[in-house]
Each structure stands twice: as C-alpha cells, then as structure tokens.
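The values are calculated or read from the model by the stated rules, or taken from the named source; none is laboratory data. Everything numeric here is computed off the predicted structure, so don't read it as measured data. Here the Cβ is made from the backbone with ideal geometry for all residues, glycine too, and neighbour counts use every protein chain on show. All accessible areas refer to the heavy atoms of the entire protein, side chains included, with ligands and DNA or RNA removed. Shrake-Rupley method; radii C 1.70, N 1.55, O 1.52, S 1.80 Å.
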Amino acid sequence: MAAEDAAVISGLLATTAVKLADRHVDLLAFGWRRRADRLVNPALDFADLVAYDDRIRAALAALVYLGAPARQHLGGLLNEPMRSAELFALTYYALATQDGELLDATAALTAAIPDLMPARVAALQWAPVSLLLELAIDSLPLAKRIGLTGLRHRDCPGLDERTLAWLRTQAFDAESLCAVLQLVRDLGRADLAPAGLRYLDHAQPAVRLAAAQTLLTLGPLEHHGPACDALQTLAVGEQDTIATGALRTLVLHAPARTGPLLVRLASRPEFRRPYLQALGWQGQVDAVPELIFALEDRQHGGIAAAALELITGSDPGRDGWLGAKPARTGRPPEPGDQLPANPDDDALPWPDAPAFAAWWRARRGRFTADQRYFAGQPLTPSWLSTVLRSGLLPWRPLAAEHRQRLLRGPLFPTELPADVQRSLLHELK
C-alpha cells in the first residue's frame, strides 16, 4: 500500500509541476507582451513598473526552481507554432539557466522567422550577465547588436569598447547607421557626436533624424544650427513617425528655434495633434490658455490635457478636472472632416475644461513666463532626476533626454527592467 501511495503522490507532483510550468510560462510571456502598453500608460509611475517587472522576474524564478518539468515543458513549445511572447520566455529561460541547447534552438527559430527578432532582443535585455549572454549579443544582426551594446554596456564590462572597435571594420546600411548614432547617445560619448554632422544630408530621413538628435544632445554648439535646419524640414515631412520625432527633438532641445515652425503647424489641421504635443514639450506657461481652449476639442482634448499635465504637473483625477469621455457617434466621416483621432490617445484621461481653468486660475501665480517647466517644476537636472526616480512612465524618457542635454552624459535607459534601472539610480546624483 505504501508503494501505491508513493506512486500516486509522485504522479500528482509530476502533474502539478507540469501545470505550474505552463502557468508560469504564460505569466512570463504575457507579462512581457503587455509591458509595452504600461510604459506609455499616463496613470502609472515608476513604482508601478517596479511591481509589474518584479512579477515577470518572479515567473522566471519559479520556472528555474521547477527544474526538469519546466525545461521539458519549454522544450515542448519548440514543436508548436511559436509566438513572440513565447519566444521571449524561452530565450530568457535559456539564458537564466545557461541552457546552450535551448538557446541555439531559439536562435534558429528567430533566423527562420524574422518577426520573432524583437522578442529575442527583449530577452537579451532581461537576461542575467554571463558569457552566454555576451555571445548571444555578438550573434545578433548588426543594428540589433549595436542597440544591445548601448543598453547593456554598464553591466557587461568592456562591451562598449569591444563593439566600438568592431564597428570600425563594418559597412553600414541606414538601419545600422541609426543604431550607431543611438549608441553614441546611449554611451554619452560627446567626443563622437560630431560624426553625426556628415549624415544630416543622408538619403534616408531616419538617419538624418538620428544624426540631428545626436548633435543637439551631445554635439558642440556650432553644430546645433545645421541640426535644427534638418529637423525643421523633417518635421513637416510625410512620414508621420519621422516628422513627430523631428518635432519632439527640436522642441525639447532647441525651443528657441521652433517659433516659425509652430506657427506653420498651427495653421494646418492635419498637424493639430503634434502641434498640441509640442506645446507640452516646450514647457512654456504662455501656451496654457491655448491648451485650455483645446480641451473642448472632441478629437484632441485628451492630447491637450496631456500637454497641460506635462507643463503644470497637475493630475486630472487628483486635482478635480477629470471629465467623462464623449461617446463615439459612429457617424461615417464626411468630406472635409479632420483626420481620425490617433488610437494612442484612447488611454488618455478626458478633461473637464472649466474645472481645469478654475484650477489654473488658483495656481497661475506660482508659474513664471521666463521659465521652462517640466511636470510642474522648473526644468533642472535635479528635478529631472526626481522624475526618473518616481515620475509617471510616459514622462521618464523625456526626462532622460532633457537630462542628457543638460549634463552631456550617458542616456538613462528607461526601457530596461525596473530592477536594473533601480541599480543605476546612483547615476542620477
């Protein structure tokens, strides 16, 4: 009877272990998949990211603790159609357990299905430091390898210098040129920033944008003029992502050069959204009356509210100006209608315009017209460090950019796992 009981117990434990492995793979995979949405969620701050990322780490730790049942379950996923989230889980687990065989299998899958590459790169951002990790980084395509070097150079000693030496032997396409220019910013190598000057007239808009960003954040003052000229042209181009990036860079880092451009954007309905965003990025309180008026815009009220939050630091829920989002009419667009609202704005809280106007009248006196504001305070390195330590998630990348321009140092990596970011907070002193 004792032998039969032992067999039953053993079977139950095996079945439970398999179910637990399946459960934790799901937690790991879907936790990573949903993380990108959290990074832009206007209601979440860095403490929320810490709690969320800790749950992802805990799911990985549980799989490692389960041992053979988890390895068997994960290996079995290789025989099924692979999704990005599962590829992330497999690669992260393989690096955490130093499982070279499983890592090679995920690399082969990525080579066969290029759409899986972003998940593999993400897993290399999360994986613990090891020789296997550095070999995995070295095996990536050129642009991806450069990008990982920029993000992980702090905890992989010598990775940056080895990569820079290796880059001298490489030929670059547009994607890898963008990655090299971003690497200069990630490393904070002001001595290398002037190299961006030669790419301001590159055939590809993305390269021109990356070059101008590098010059404005780290380059010498005499190169700022040509960079701004390139951005002025890109900001009214047809490629929306490039145009928005150019406008953001120009407004964040050279606001004195934006006047004529903003007047031009204000006069064209198709640029209404980026124009309102730019008023927030600029951080000037003289834009507040115009933004208050825009709060009534059924299409762009949310983006106007986000701009006001960025300037004043006011939270609509905390400060009493949160309104009810207007219902969608469902009416098909008529000729002459404005472009449809950006889907990214759906997550923005909807403002109560009169309530914000009342809040502003009571607090206008603590703001001055000759100051740039960010999240409600004058734009200083000290305040930017505070935002990086505890601020809202959508504000943190902006704070990192501002801080790099002011201090001409490495770019703080706001996309890395929260516990890694926490270990780097000493850089913010």
Problem - segment 231-275, residues that are of a type in the set (A, V, I, L, M, F, W, C), assigned to a loop (DSSP other than H, G, I, E, B) and within 19 Å of residue 285 (Cα to Cα) - result: 254
Fill in the blank from the handout: Given the conditions (1) part of a helix (DSSP H, G or I); (2) over 24 Å from residue 400 (Cβ atoms); (3) open to solvent by 30 Å² or more (accessible area, probe 1.4 Å), every one holds for residue 136 apart from (3)
Practice task
Find the residue count for segment 405-422, including only residues that are within 18 Å of residue 88 (Cα to Cα) and not in a helix (DSSP H, G or I).
Solution key: 3
Practice task
Test residue 78 against the stated conditions and say whether it is touching a residue at least 40 places away in the same chain (Cβ under 8 Å), aliphatic (A, V, I, L, M) and open to solvent by less than 60 Å² (accessible area, probe 1.4 Å).
Solution key: no
Fill in the blank from the handout: Of those in segment 37-75 that are among the β-branched types (Val, Ile, Thr) and part of a helix (DSSP H, G or I), the residue least open to solvent (accessible area, probe 1.4 Å) is 56
Completion exercise
Of the residues in segment 44-61, those that are within 20 Å of residue 103 (Cβ to Cβ) and not β-branched (Val, Ile, Thr) come to 57, 59, 60, 61
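Looking only at segment 139-182, filter to residues that are of a type in the set (Val, Ile, Thr) and not in a loop (DSSP other than H, G, I, E, B); which one of those is surrounded by the fewest Cβ atoms within 10 Å (Cβ to Cβ)?
We begin by selecting, within segment 139-182, every residue of a type in the set (Val, Ile, Thr); these are 146, 149, 163, 169, 180.
Checking which are not in a loop (DSSP other than H, G, I, E, B) leaves us with 146, 149, 163, 180.
On the way: 146: 27, 149: 25, 163: 21, 180: 26.
Here the answer is 163.
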Problem - Subset of segment 359-407 that is surrounded by fewer than 20 Cβ atoms within 10 Å (Cβ to Cβ) and among the charged types (D, E, K, R) - its residue that is nearest to the chain's Cα centre (by Cα) - result: 389
Handout entry: Residues being within 23 Å of residue 200 (Cα to Cα) and either open to solvent by less than 50 Å² (accessible area, probe 1.4 Å) or more than 23 Å from the chain's Cα centre (by Cα) (or both) - total across segment 239-273
Key = 22
Exercise for the section: From (1) out of contact with any helix residue (DSSP H, G or I) (no Cβ under 7 Å at 6 or more places or on another chain); (2) among the β-branched types (Val, Ile, Thr); (3) farther than 23 Å from residue 29 by Cα, pick out the condition that doesn't hold for residue 163. Expected result: (1)
Completion exercise
By residue number, the members of segment 28-57 that are farther than 22 Å from residue 425 by Cα, more than 15 Å from the chain's Cα centre (by Cα) and free of Cβ contacts under 8 Å to residues at least 60 places away in the same chain are 30, 31
